[in-house]
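Reviewing the structure listed below.
The values are calculated or read from the model by the stated rules, or taken from the named source; none is laboratory data. Predicted model, so just to flag it, every value in this text is computed and none were measured. FYI the Cβ positions are ideal-geometry reconstructions off the backbone, even for glycines, and counts take in every protein chain you see. What goes into the accessible areas is simple: the full protein's heavy atoms, side chains included, and nothing from ligands, DNA or RNA. Shrake-Rupley method; radii C 1.70, N 1.55, O 1.52, S 1.80 Å.
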Amino acid sequence: MQSLIRMESLVFRENGFEIHYPQIVSGSTIEKINLWNQIIIQDMNQIIELYSYRPFPELEPDLVGQITLRLVYESHLLNDRYLSIFYKASYFNPYSPYPSELVYTTNIDLYKDRRIRLSDIVNVNQEFINQFRQWEFIPLEESNEEVNLAIRDYFNQISDEALFQGFMAADQIGSENTMGVFTYLKPGRLGISMEAPNYIGGHVEFEGDFMLN
């Protein structure tokens, strides 16, 4: 059944930031739409705050002005119960030797009008961790087996305890989310994005079959 909820894209540009984000415009009461949009805006503000820190303010303003952030999004799931937004943040800082790309997500339970995290969707326990280790990851480059092998090796070295701690802290936009774990929803699928070293892309997405309640 197709959702009656409709979104439109908005763009915020300021101080080298280009932020693309959605706004819900119809499909429910004004009160509920305002609540959902408030959740989206709160996440946007938290992401922007992460990248607003200027490490060397005493340097020339034109150099500091080169710091840029471009945030784009995809709506991975929108039905009458859930909205799942997947963001990619591409960041360039002249004080760093290379640009970085990280992932953030916003998942909203449209019945309960609240932002949800991985621990709201699944029981984070050993059984789930075992299932996660069987999930497929989205290759950085389909034809580059060397890179894909490096991705497998990197994540195979992460202990179950570290995964448990990372999953319990998932979906928080801030320092509490030490492993950079963010959850997203697709029809019949659950996705988990995890921060990774730059040589394997900066982040890796894993997906497994999953039916939401």
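Numbers for the structure displayed
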read-out: Selection from the range 157-213 of residues that are hydroxyl-bearing (Ser, Thr, Tyr) and either part of a loop (DSSP other than H, G, I, E, B) or under 12 Å from the mean Cα position of the chain (by Cα) (or both); value: Ser159, Ser175, Thr178, Thr183, Tyr184, Ser193
read-out: Subset of the range 91-110 that is part of a strand (DSSP E or B) and open to solvent by 50 Å² or more (accessible area, probe 1.4 Å) - its residue that is modelled with the highest pLDDT; value: Glu101
read-out: Selection count where residues are loosely packed, with under 11 Cβ neighbours inside 10 Å, polar (S, T, N, Q) and modelled with pLDDT of 95 or more, scope the range 1-22; value: 0
read-out: Count of residues meeting criterion [touching a strand residue (DSSP E or B) at 6+ places or on another chain (Cβ under 7 Å), in a helix (DSSP H, G or I) and either open to solvent by 50 Å² or more (accessible area, probe 1.4 Å) or of a type outside the set (Val, Ile, Thr) (or both)] in the range 23-54; value: 4
read-out: Some residue of the range 144-155 being in a loop (DSSP other than H, G, I, E, B) and modelled with pLDDT under 95; value: yes
read-out: Residue that is modelled with pLDDT of 95 or more and either within 15 Å of Asn107 (Cβ to Cβ) or under 19 Å from the mean Cα position of the chain (by Cα) (or both), where the choices are Ser26, Ser84, Ser52; value: Ser84
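For every residue, the table says whether it meets (1) touching a Pro at 6+ places or on another chain (Cβ under 6 Å); (2) buried (at least 19 other Cβ atoms within 10 Å of the Cβ); (3) in contact (Cβ under 8 Å) with a residue 40 or more places away in the chain; (4) on the phi > 0 side of the Ramachandran plot.
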| position | (1), (2), (3), (4) |
| --- | --- |
| Glu141 | no, no, no, no |
| Asn144 | no, no, no, no |
| Val147 | no, no, yes, no |
| Tyr154 | no, no, yes, no |
| Ala170 | no, yes, yes, no |
| Ser175 | no, no, no, no |
| Ala196 | no, yes, yes, no |
| Asn213 | no, no, no, no |
